[in-house]
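These notes concern the structure reproduced below.
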Amino acid sequence: MIWVIGNKGMLGRELSDHLSEAGLSFIGTDREVDILSSAALEERAAEIHPAWIVNCSAYTAVDKAEEEEEAARSLNRDGVAHIAKLAISRKVPLIHISTDYVFDGSSNTPLHEDAPCAPQTAYGRTKLAGEQELRTIWPNHFIIRTAWLYGRYGKNFVDTMLSLMNSRKEITVVNDQTGSPTWTRVLTGLILTIIKQDKACYGTYHLSGEGSCTWYQFAREIYRMGRERTLVSSDCAVTPCSSEQFPTAAKRPAYSLLSKEKIMHAFAYQPPQWQDSLASYLDSLLEQGAKQ
Ligand SMILES: NC(=O)C1=CN([C@@H]2O[C@H](COP(=O)(O)OP(=O)(O)OC[C@H]3O[C@@H](n4cnc5c(N)ncnc54)[C@H](OP(=O)(O)O)[C@@H]3O)[C@@H](O)[C@H]2O)C=CC1
Ligand SMILES: Cc1cn([C@H]2C[C@H](O)[C@@H](COP(=O)(O)OP(=O)(O)O[C@H]3O[C@@H](C)C(=O)[C@@H](O)[C@H]3O)O2)c(=O)[nH]c1=O
């Protein structure tokens, strides 16, 4: 039995869909089993008897975290510590998700798993603290750092862009932050691969879409592909700007492109080019529309 914690979030819902389609047995919980309560986690674990735990729960509001760092730390560090203690007490491998925002953005080459972390945001600091708790408490873990996640469920950049492009004549998007977008399906594919292969090669891994872009270049592709598919119904100028011209509470990394060498070697898992995943995602939006 696989226990998906945070099953009502963007990744948790996609993972639930993917596990169902693959015919794997799982149980999902969200806020009703509060990760801040060890007792609640223990009680539910005694009912579920998990063979795997996948933690998709987190505090993910990047800008809001700047003024709510304590709340973010509770979930992203203390909640992870509770789940890790539960996993060690039951001797269950734990898959945990982290972020490219643990890096400071000063690199200009793809970041390997052992690159130094120096988060510049409250969200990034609390996610790094969660990673550190997990490493200290329970070695049998997989920490998967991913980046710029989007998918069918939940608020994300692609859906925000489509909505803005349909309602405005012009949008400006930062062109000085480089990374790589990741479709939730690609990440859930890796999670299923790790569970199925069931290898003891625990540790930290990076996964994002292959290739790289800035948020502006990502937005340009969303617009081009969205127009082709009539998901964007009117003209909209997509204009590049600097981070200074688009001020946000949290200072995102200027460069957070993840190297995928380690995951490809360990699990023979090759993520698609980010443009191919974006096309598949937009196609899936069209199919859902047709179904409604
Ligand atoms: N989104 C992104 O772009 C990226 C995300 N990640 C990481 O991927 C993982 C999944 O992210 P994503 O799916 O976007 O996250 P979401 O914010 O969509 O989902 C998180 C889920 O956790 C739930 N939750 C909140 N508090 C608790 C609690 N105390 N107990 C149990 N569940 C709780 C949330 O409920 P509620 O909504 O009610 O708060 C929500 O359903 C996270 O670890 C995130 O840091 C990494 C890189 C990029
Ligand atoms: C909406 C919008 C955003 N932007 C910029 C702001 C920011 O620099 C960048 C992305 O903005 P967003 O707020 O959508 O994305 P953000 O919340 O920063 O996304 C991050 O979420 C967390 C959870 C992660 O772990 C990261 O990997 C990453 O995916 O785009 C524009 O330039 N123009 C716009 O119109």
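Bear in mind these aren't lab numbers, they're just calculated from the coordinates by the rules spelled out. Since the model is a prediction, treat every value here as computed from it, not as a measurement. Cβ coordinates were reconstructed from backbone atoms using ideal geometry, including for glycine residues, and neighbour counts include every protein chain displayed.
The slack between GLU21 and LYS199, meaning 0.36 nm per residue of separation minus the straight C-alpha distance, is 61.8 nm. In this structure, the amide hydrogen of GLY28, modeled 1.01 Å from its nitrogen in the peptide plane, lies closer than 5 angstrom to those of VAL4, counting only residues at least 5 positions away or on a different chain. Hull volume per residue, based on the alpha-carbon atoms of segment 12-124 and their convex hull, is 134 Å³. Distances between placed amide hydrogens fall under 5 Å for THR178 paired with TYR255, SER256, all partners being 5 or more residues away or on another chain. Here the peptides 131-140, 245-254, 182-191, 68-77 are ranked by packing, the mean other Cβ count within 10 Å, and the order with the highest first is 182-191, 68-77, 131-140, 245-254.
What is the angle, in °, between the Cα long axis of helix 184-197 and the longest principal axis of the Cα atoms in the chain? Nearest 10 is fine, range 0 to 90. Tilt relative to the chain: about 30 degrees. Near LEU149, the amide H atoms lying under 5 Å from its own belong to THR182; only residues 5 or more places off or on other chains count, and H is placed 1.01 Å from N. For HIS112, HIS96, the sequence from fewest to most other C-beta atoms within 10 Å is HIS112, HIS96. Relative to the longest principal axis of the Cα atoms of the chain, helix 157-167 runs at roughly 30 degrees.
With a Förster radius of 30 Å, plug the Cβ-Cβ distance of LYS169 and LYS64 into 1/(1 + (r/R0)^6) and report the FRET value to the nearest 0.05. With R0 = 30 Å, the Cβ-Cβ based efficiency is 0.55. Applied to segment 111-116, the Karplus parametrisation 6.51 cos²θ - 1.76 cosθ + 1.60 on θ = phi - 60° returns per-residue 3J(HN,Hα) values of 8, 7, 4, 9, 5, x Hz, with x for Gly and Pro.
Between helix 38-48 and the chain there is an angle of about 80 degrees, using the helix long axis and the longest principal axis of the Cα atoms.
With the convex hull drawn around the C-alpha atoms of the chain, the volume per residue stands at 128 Å³.
When peptides 114-125, 34-45 are ranked by their average number of other Cβ atoms within 10 Å per residue, the highest-first order is 114-125, 34-45. Can you give the percent of C-alpha pairs in segment 69-198 whose distance is more than 25 Å? The calculated P(r) of segment 69-198 puts 36 percent of pairs beyond 25 Å.
Separation of segment 109-134 and segment 194-255, taken as the distance between their Cα centroids, equals 19 angstrom. The label-point distance for ARG31 and SER89, in a model that sets each label 7 Å from Cα toward Cβ, rounds to 2.5 nm.
If R0 is taken as 25 Å, the Cβ-Cβ distance between PHE246 and ASP114 corresponds to a FRET efficiency of 0.20.
Of all alpha-carbon pairs in segment 144-292, indicate the percentage at a distance above 20 angstrom. It works out to 52 percent of all Cα pairs.
Every helix of 4 or more DSSP H residues in the chain counts as -39500 (n - 2.57), and over all residues that averages to -13000 deg cm²/dmol at 222 nm. Per 0.36 nm of contour for each residue apart, how much would the distance between ARG135 and ALA71 grow if the chain were fully extended, relative to their Cα-Cα spacing? Contour length minus the Cα-Cα distance gives 20.9 nm.
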